[in-house]
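Right, one structure below, let's go through it.
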Amino acid sequence: MYLKQSIQVGGKELTLETGKIAKQADGAVILTYGDTIVLTTAVGTMKPREGIDFFPLTVEYRENFYAAGRIPGNYFRREGRPSEKEILTCRCTDRPIRPMFTPGYRGDTQIISTVLSADNENDPDVLSITGASAALYLSNIPFETPIAGVRVGHVDGKFVINPTYEQVRESALNLVVAGTEEAIVMVEAGAKEVSEETMVEALLTGHREIQRICRWLKDAYGKLGIVKRAVEPPPSDETIDAELAEKYTDRLRDALNTEKYGKIESYALVDALKDEAVAGFQDDDPERKALAKKRFNALKEKVFRDDILTNRRRPDGRRFSEIRDLASEVSWLPRVHGSSLFTRGETQAIVTVTLGTSREAQFMDDLEKGEVTRKFMLNYNFPPFSVGETGRVGSPGRREVGHGALARRAIEAVLPDDDVWPYTIRLVSDITESNGSSSMATVCGGILSLMDAGVPVKAPVAGIAMGLVMEGNKYAILTDIAGAEDHYGDMDFKVCGTGEGITALQMDIKVAGVNAVVLKEALEQARKARLHILEHMATTLPEPRTNLSKYAPRIVTIKIPVDKIREVIGPGGKMIRSIVERTGCKIDVSDDGTVNIASTDGEAGDMARSIIEGLTATAEIGKTYLGTVQRLTDFGAFVEILPNQDGLLHISEIADYHVKDVHDELKEGQQLLVKCINVDGTGRIRLSRKALLLEGGEGGEGGGEPREPRRDRAEAASADGGGGRGNGAEGGGDDERKRRRRRRRPGGGDRG
């Protein structure tokens, strides 16, 4: 059945269309917002695969470059492996929809969102969330509660729903929030030190818009008359539950006590109890044996949650607001540019910083701008040994990409501007131990390593992971959650920020949602924990170092006129290659005339700077230059005063007396001091030697007392009987001038 309907979202029309495209999929919708169009499809198998005990859901999001009228910039000129943004959008789509499927549904399910048109104004990523929900909800797949997603910005003190790309760049907040009509279920945010109060208000503003969209989707559902597939509820057996509870409740409670046993031993004890429980059932009834295994896991979760909600006790004995022991070191590795070792309980990260030039920045294809560069990169690695396991080691998975992106957003807000810090920064976090919240250890260790490297961050940043256990009206908010609390809890809430405010936020909720009261309480508890961690970090390294590592490049930044860039580059890059060969420096020239010179040798950097400044200097009126005569003409000489810059030394400006023939005074290749007396609108330079002679000395070189004016010297010569024109002696004055000219010629004396 075909349906098309629209709603106003953020002051623009959002249109949903179904029944026209991809009709063989179980569900398919086209969402249009401005000229941005996203097709989302949903397909779910009728029967689950045999032997699986999990829900096999996959989500894909792809940005086709034809959507923006662009050809991919890679070698193959076609879309390849998913970009980081596509992976992050997949995660933001998967996280809110996964808990909303009908319990017991185990069919292979795949969501694919494809960007068909991009208007370079509205980001299509947030449409993928609503599109996935709509494709599932408006199909027979057992997905019975619609969700929606919106982006919230904060521009000029006002909240903006689904801000444009330009508004996001100006915004103090970039928040993606997803939810049902009843509650928020997922949050992903980057911010510029916004307060907890502003964050809560932004969440509530976004949720109000989500409620409208969810009601709109319910209206479409009613018009289409959809009938959902029947789903068998998860198997249960009260007899098995009672038997397991009687035998293992107390023993499980003891085994889960990580304060008593530690993580590794506790896990081993729980596994041993599980093996014992399953072994107690007959092998000739494999279904009952498999059910016993599932029900034991359910009992373990029940014991864990009951201890927290009823006994108000965490597995490791901490108070709900207590942070595990903290330890940190800097300058831990001798050869890297900056390093730290950050440990919180049984979670540990080695974080290193490498500084480079702009040519080492990351180049990426972008749907909005085409090719873009990133000068701050954060890579997060999670090897299997960090949790005492074996496994594949290779390229990062979606989890690693997501954790790294969260940490990057948290730190990016406090990095110095390019004009203050021209370096490209690569930060790498290697998790060596993990028992919860390794991404937050990456944030804390990352800031310490940046400060150790001498990066002038605006303020230190710390991160903390919060948890929630909720049943009915009873709930407990947990600070610094460990692995089991994350696994069996109802919320994973990561908050990063400075002492002034939040820089990044991520929240995943496994229940139907949480209300504003719980959110406010969790944010306030997280703020206190963040301040505690910042105090600890300050005892390790209170502020960025003033000196770089001796192994880090020193970057000197100078600004040259844009029209002088060609002088530095030279024909075919000949000049800049010559400078690099002579000095050993790395030199990057930007289109705006910014030149970055990088070298670990200070003298080499100064030499490169001097060469470039010489190549790009411009003549200044009133300044004296040591020039070289390049060419003689009847009306004067062209003198090179700067590399590739000649000025005209007119015949009247060569000497402080009349010059009849330029060749009598100058020769090509001769060096002399000249003064710049004028630069016209076209850049032509006028020079004078006479001005310096009148000031004193040959070309200004002789120093001493200023010479008397020519007329006064002639009168003095006449008074001495020298025979000037004024006394009637023909030729006497000419002879005196010839003698003066001979004295002033380079080398002196007659020409022979």
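Coordinate-derived values only; no laboratory data. Keep in mind it's a predicted model, so treat the numbers as computed, not measured. Virtual Cβ from ideal backbone geometry, glycine too; neighbours counted across all protein chains shown.
Annotations for the structure displayed:
- For the stretch 649-670, the residues whose amide N sits under 16 Å from a probe point set 7 Å from the Cα of T628 along the beta carbon direction are 667-670.
- Given R0 = 30 Å, the distance between the Cβ atoms of L3 and K510 translates into a calculated FRET efficiency of 0.40.
- Rg and Dmax of the stretch 326-540, both derived from C-alpha coordinates alone, stand at 17.5, 56 Å.
- Helical contribution to [θ] at 222 nm, DSSP H n ≥ 4, -39,500 (n - 2.57), averaged over the chain, rounded to 500: -10500 deg cm²/dmol
- Additional length obtainable on full extension of the chain from N120 to F385, 0.36 nm per residue less Cα span: 91.0 nm
- Helix 263-279 and the longest principal axis of the Cα set of the chain meet at an angle near 30°.
- Here is the list for the stretch 1-99: GluC sites (Glu not before Pro) lying in DSSP coil, each with at most 12 other C-beta atoms within 10 angstrom of its C-beta, are E50.
- Ratio of Rg to Rh for the stretch 3-224: 0.97 [Cα atoms; Kirkwood radius as inverse mean 1/r over pairs].
- Counting only Cα atoms, the size of the stretch 499-553 along its three principal axes is 54, 23, 16 Å, in decreasing order.
- Coarse-grained scattering of the stretch 405-497 at q = 0.12, 0.18, 0.22 Å⁻¹, given as base-10 log I(q)/I(0) from a Debye sum over alpha-carbon atoms: -0.45, -0.81, -1.05
- Counting beta carbons within 10 Å around each of K528, K375, K574 and listing the fewest first gives the order K574, K528, K375.
- Look at the alpha carbon pairs under 8 Å that are at least 6 residues apart: their mean separation over the length of the stretch 357-459 gives a relative contact order of 34 percent.
- Cβ-defined net charge surrounding D601, 13 Å radius [Lys, Arg +1; Asp, Glu -1]: +3
- Applying 1/(1 + (r/R0)^6) with R0 = 60 Å to the Cβ-Cβ distance of K228 and V393 gives a FRET efficiency near 0.90.
- Amide H within-cut-off set for V514, under 5 Å, with H built and near neighbours excluded: I184
- Computed E for R335/F55 - FRET, C-beta separation, R0 45 angstrom, nearest 0.05: 0.45
- Stokes-Einstein D (µm²/s) once Rh is taken as the Kirkwood radius of the stretch 335-462 over alpha-carbon pairs, at 4 °C in 1.567 mPa s: 86 µm²/s
- Kirkwood hydrodynamic radius of the stretch 89-182, from inverse mean 1/r over distinct Cα pairs, in Å: 14.5 Å
- Karplus 3J(HN,Hα) series, Hz, for the stretch 666-680 with 6.51 cos²θ - 1.76 cosθ + 1.60 (x for Gly, Pro): 10, 9, 4, x, 5, 9, 7, 7, 9, 10, 7, 10, 6, 10, 7
- The alpha-carbon positions of the stretch 41-110 define a convex hull whose volume is 125 Å³ per residue.
- Pairs of C-alpha atoms in the chain farther apart than 35 Å represent 60 percent of all such pairs.
- The chain: relative contact order as a whole-number percent, Cα under 8 Å and 6+ apart: 9 percent
- As a ratio to 2.2 N^0.38 Å, the alpha-carbon radius of gyration for the stretch 554-616 is 0.98.
- Exposure proxy shown here: for Y475, Y625, the number of other Cβ atoms within 10 Å sets the order, fewest to most, as Y475, Y625.
- Applying the Karplus relation 6.51 cos²θ - 1.76 cosθ + 1.60 with θ = phi - 60° to the stretch 595-604 yields 3J(HN,Hα) values of 10, 9, 10, 10, 6, 7, 10, x, 5, 5 Hz, where x marks Gly and Pro.
- Partner lysines for K12 [C-alpha distance under 22 Å; skip if fewer than 8 residues away on the same chain]: K4, K158, K218
- Going from the fewest other Cβ atoms within 10 Å to the most, the residues T628, T442, T114, T40 appear in the order T628, T114, T40, T442.
- The share of alpha-carbon pairs in the stretch 259-365 lying farther apart than 24 Å comes to 57%.
- Restricting the trypsin sites (Lys or Arg not before Pro) of the stretch 652-685 to loop positions (DSSP other than H, G, I, E, B) with no more than 13 neighbouring Cβ atoms within 10 Å leaves K660, K667, R684.
- Average Cα contact separation per residue, the stretch 554-616, under 8 Å, 6 or more apart, as relative contact order %: 45 percent
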